[in-house]
1. With only alpha-carbon pairs counted, each pair once and no self-pairs, how large is the Kirkwood hydrodynamic radius of the stretch 39-123 in angstroms?
2. For residue 158 and residue 131, FRET efficiency with R0 = 25 Å and r from the beta-carbon atoms, rounded to 0.05?
3. Grab the beta carbon distance between residue 140 and residue 28, set R0 = 25 Å, and tell me the FRET efficiency rounded to 0.05.
4. Does the stretch 1-60 come out rounded, prolate or oblate by the C-alpha gyration tensor, with a ≥ b ≥ c the root eigenvalues, rounded set by a/c under 1.5 and, if not, prolate when a/b is larger than b/c and oblate if not?
5. Would you list which lysines come within 22 Å of residue 169, measuring only between C-alpha atoms, while excluding same-chain residues fewer than 8 positions from it?
6. Of 225, 198, 39, which has the largest mean-square fluctuation in a 10 Å C-alpha GNM of the chain?
7. Quick check: the distance between the Cα centres of the stretch 1-77 and the stretch 205-241, to the nearest angstrom?
8. What does DSSP give for the chain in terms of the percent of beta bridges that are antiparallel, rounded to the nearest 5?
Amino acid sequence: MSTDLSIYPEDIESIPFAHPGKILDIASGWPSMGTTAGGQTIPFRHFPSERGKHSVLLVGGVHGNETEGIIFLHDFIRKYLTGRDTSPFSFHLWVIPVLNVDGLLAFTRQNANRVDLNRNMNTKDWTSEVAKEKYYPGPHSGSEPETMAMETFLAENKMDYIISLHSWKPMINLNGPAMDFAQKMHEYLDFPIVEDIGYPTPGSLGTYAGWERNIPTITLEFQRGLEHETIFPLAEKGILHSFTVLDQ
Ligand SMILES: [Zn+2]
């Protein structure tokens, strides 16, 4: 796979879900980590491990219209976590299937306040300046309830590895000290490892957690527009293999 990202189309859209709300059925009965700007609850769950000392967070749907990342995590939960109360892995697992529930339901990148949640976190480089309306970072950093729910979660739970699932152009975008994880993932997932995506992302989760808090964070970008059923098989092995860094 080419590392020249310019070969991929810039503005292709994801395939929408026929019934977006149905995706959240996978997390029915889970606790809520907060309420969105549009009044939706944000399900999340901790799957504790008896054996492990490390903690991993998988988060999908920071951008509500990037269905590829959301369906990956949906299928991951279905295969590995259905009917379980504990982690099947050697680490504590935390899962946020969809952070931006408003965006999922409306098929928008942003939340119900039209804020790009991946530009809204309290990072040192947060700025109100914005190149395109779709990146609107909010009236101030941390203005959105979803952002505050995520920051509170990260303050209360010390993570050792975070994967945030998105779609744009295929890449393993690493934030913070995540190269070991990226390289393991790359052994089974033929996406380029990218440290700099070519434009600044102030207020992003990768900057907040990866660069400013030293938590290895991977922003995994699927190619937008992929058929949904192809996505989980594409990345399953790579993601599982990246977890082995924690065993070393
Ligand atoms: Zn995204």
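We did not get these values from a lab; they are worked out from the coordinates using the rules stated. Only a predicted model underlies this, so the values are computations on that prediction, with no experimental measurement involved. Glycine gets a Cβ as well: all are built from the backbone with ideal geometry, and neighbour counts include every protein chain shown.
1. Working: mean 1/r = 0.0731 Å⁻¹.
With all distinct Cα pairs of the stretch 39-123 included, I get 13.7 Å.
2. Values: r = 34 Å, r/R0 = 1.35.
Calculated transfer efficiency: 0.15.
3. Working: r = 34 Å, r/R0 = 1.37.
Approximately 0.15, to the nearest 0.05.
4. Details: a/c = 2.65, a/b = 1.36, b/c = 1.95.
Oblate shape, in that a/c is at least 1.5 and b/c is the bigger or equal ratio.
5. 132, 134, 184, 237
6. Residue with maximal mean-square fluctuation among 225, 198, 39: 198.
7. If you average the Cα positions of each part, the centres end up 10 Å apart.
8. Values: 10 of 29 bridges.
Taking every DSSP beta bridge with both residues in the chain, the antiparallel ones total about 35 percent.
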